[in-house]
Amino acid sequence: MVKTLITTLLLISSFMYTSNDELILSSITDYLNINIENKTIIFVSIDAQKLYLIKKNIIIKSYSISSSEYGIGNKNGSNKTPLGLHTIARKIGEKTPINGRMIARVFTGETSIIYLDGSRSKTDDITSRILWLQGEEDEINKGENIDSFKRYIYIHGTSEEGLIGQPASHGCIRLKNKDVIDLYKDVAIGTLVLIL
């Protein structure tokens, strides 16, 4: 009886995992209208506060994130997270140590205090690694007053790890420091990033 119950639960959880994966992959394919079988894609779900790394049509990793506490939007100065298709334009911080603090994309030589309890830091540090995003859709995230690259929209580490999993940023996609270092290793300049 117990063995049957465990087997049933494993089958149900396997089905749920596959169904969620299929839904994510279908959303990406529908939006991009291209075959993604031979591509590496980062998919950021604002609703789920998750980032998925997809290679050859398989979700290989997922991470909890924080998008903007001000919601979604593309306007310059809005502090909102932009939607749509992006690419990684620059990778920054290769030699920065974990929790290393960056200002203007340069390691300061300091290590940030990491807040794990949901507290806000006074300096709202960008830490460990930066993946600088470039918008790829005119009038959505590319162009005058809405340009993701000129707005300095990044995927980056944060000193406020306790807020990961809920909207808390000022427009960027925040990750825990170990997660952004891990992701950084797996992606290249030009990797597609879809935020929906």
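Numbers below:
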quantity: Set 58, 54, 88, 72: member being over 19 Å from residue 125 (Cβ atoms) and at pLDDT below 95; calculated: 58
quantity: Verdict on residue 142 being surrounded by 20 or more Cβ atoms within 10 Å (Cβ to Cβ) and without any contact (Cβ under 8 Å) to a residue 40 or more places away in the chain; calculated: yes
quantity: All positions within region 148-196 that are without any contact (Cβ under 8 Å) to a residue 60 or more places away in the chain, surrounded by fewer than 22 Cβ atoms within 10 Å (Cβ to Cβ) and either among the hydroxyl-bearing types (Ser, Thr, Tyr) or in a loop (DSSP other than H, G, I, E, B) (or both); calculated: 152
quantity: Residue satisfying condition, being under 18 Å from residue 70 (Cα atoms), of a type in the set (A, V, I, L, M) and in contact with a Gly (Cβ under 6 Å, 6 or more places away or on another chain), within set 140, 195, 130; calculated: 140
quantity: Residue count for region 58-83, restricted to those that are over 16 Å from residue 48 (Cα atoms) and of a type in the set (Gly, Ala, Ser); calculated: 3
quantity: Check on residue 129, surrounded by 14 or more Cβ atoms within 10 Å (Cβ to Cβ), among the basic types (Lys, Arg), touching a helix residue (DSSP H, G or I) at 6+ places or on another chain (Cβ under 6 Å) and without any contact (Cβ under 8 Å) to a residue 60 or more places away in the chain; calculated: yes
quantity: Subset of region 148-185 (residues that are on the phi > 0 side of the Ramachandran plot and not hydroxyl-bearing (Ser, Thr, Tyr)); calculated: 165, 171
quantity: Hits in region 150-196 (condition: within 24 Å of residue 77 (Cα to Cα) and aliphatic (A, V, I, L, M)); calculated: 153, 155, 163, 164, 168, 173, 175, 193, 194, 195, 196
quantity: Residue list for region 26-71, restricted to those being within 19 Å of residue 137 (Cβ to Cβ), in contact with a strand residue (DSSP E or B) (Cβ under 9 Å, 6 or more places away or on another chain) and exposed (fewer than 15 other Cβ atoms within 10 Å of the Cβ); calculated: 27, 31, 32, 71
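The values are calculated or read from the model by the stated rules, or taken from the named source; none is laboratory data. For clarity, every value in this text was computed on a predicted model and none was experimentally measured. All Cβ positions, even for glycine, are placed from backbone atoms using ideal geometry, and neighbour counts span all protein chains on display.
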